[in-house]
Amino acid sequence: LRIIQEAHRLFSERGLILDAALVDQEQRLLDAAFASDAEMEPLPEQPTDFVGRRREIDAITGLLRSSRLVTIHGIGGSGKTRLAIHAARTAGEPATCGFVDLAAARSNAHVESAFARGLGLPLTRLDGLDTDERVDALADAAASSSGLLVIDNCEQVVAHVRTIVSRLLARPGRLRMLATSRVPLEVTGERRYPVPQFTAAEEL
């Protein structure tokens, strides 16, 4: 698996495409490696019904159909988390959605652990690895997933989130990501959705 991934990197640097048979083999190895792992961290239940914001939901789900990374960004208290959770439930089956909670993250290790839980990767898989190897392990788990990962509260640890998300996007795969942040992640391939501060009165 590592040899194939190194070939991916070398080919990509030269503007070349890896042979389709090797890409298929990589996917089979990833599927086998992560077949018995825990389920993704589920989306949190919301205490009240979600009201309005139909236009925002439609816009976000539309972006998710054409991009592997969408970032909902805006000021604190504008409802980004609830909007992202509802959009994720609308865009895919809840059972295939994972949640990365970064509200309490203050270090790279906290971020990596939150991503591992969100992806359903046992934390023991990260034991004894350095930072780069841990990010690679997260990318391997993501490459084997076809779900939707909500990454919440990115702004306070945005530098390391950017590193991890960039690595995940660099791998072939079907995993989509919906991030919330006060600022965009500024990652190649990111589609941005600035959340309106208020919902239209007629919609309410």
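Highest mean first, the peptides 185-194, 69-78, 16-25 sorted by other C-beta atoms within 10 Å per residue fall in the order 69-78, 185-194, 16-25.
Note on the chain: GNM, Cα springs under 10 Å; of LEU178, LEU123, LEU64, the largest mean-square fluctuation is that of LEU123.
Taking 8 Å as the Cα distance limit and 6 or more residues as the minimum spacing, I'd like the relative contact order of the chain as a percentage. Walk me through the numbers on the way to the answer.
Numbers: 321 pairs, mean separation 61.0, N = 204.
Over the chain, the number comes to 30 percent.
Round to the nearest 0.05 the FRET efficiency obtained for ASP130 and THR96 when R0 = 25 Å and r is the Cβ-Cβ distance. Could you put the intermediate results ahead of the total?
On the way: r = 31 Å, r/R0 = 1.23.
Computed FRET efficiency for ASP130 and THR96: 0.20.
For the chain, the per residue solvent-accessible surface stands at 51 Å², with DNA, RNA and ligands left out and a 1.4 Å probe.
Can you tell me how the stretch 119-158 classifies by the Cα gyration tensor, rounded, prolate or oblate, using a/c under 1.5 as the rounded cut?
Details: a/c = 2.06, a/b = 1.17, b/c = 1.76.
Taking the square roots of the gyration eigenvalues as a ≥ b ≥ c, the stretch 119-158 is oblate.
Given only helices, namely DSSP H runs of n ≥ 4 each adding -39500 (n - 2.57), what is the per-residue ellipticity at 222 nm of the chain, to the nearest 500 deg cm²/dmol? Mind dumping the intermediate values first?
Values: 7 runs with 89 residues, N = 204.
The per-residue figure over the chain is -13500 deg cm²/dmol.
Within the full protein context, the accessible area of SER66 is estimated at about 80 Å² for a probe radius of 1.4 Å. Charged side chains reduced to their Cβ positions (Lys and Arg at +1, Asp and Glu at -1) give the chain a dipole of some 540 debye around its Cα centre. Loop-located GluC sites (Glu not before Pro) in the stretch 41-136 (DSSP state not H, G, I, E or B) with no more than 16 neighbouring Cβ atoms inside 10 Å: GLU45. Between ARG89, ARG55, ARG162, the Gaussian network model of the chain with springs among Cα atoms under 10 angstrom shows the greatest mean-square fluctuation at ARG55.
Tell me the carbon and sulfur percent of the accessible area for the chain, rounded to whole percent, probe radius 1.4 Å. List each step's numbers first, then the result.
On the way: 5520 of 10410 Å².
Ligands and nucleic acids excluded, carbon and sulfur reach 53 percent.
The values are calculated or read from the model by the stated rules, or taken from the named source; none is laboratory data. Please read these numbers as outputs of a predicted model, since none were measured by experiment. Positions of Cβ are generated from backbone atoms using ideal geometry, with glycine treated the same way; all protein chains shown enter the neighbour counts. These accessible areas exclude ligands, DNA and RNA; they are computed on the full protein's heavy atoms, side chains included. Shrake-Rupley method; radii C 1.70, N 1.55, O 1.52, S 1.80 Å.
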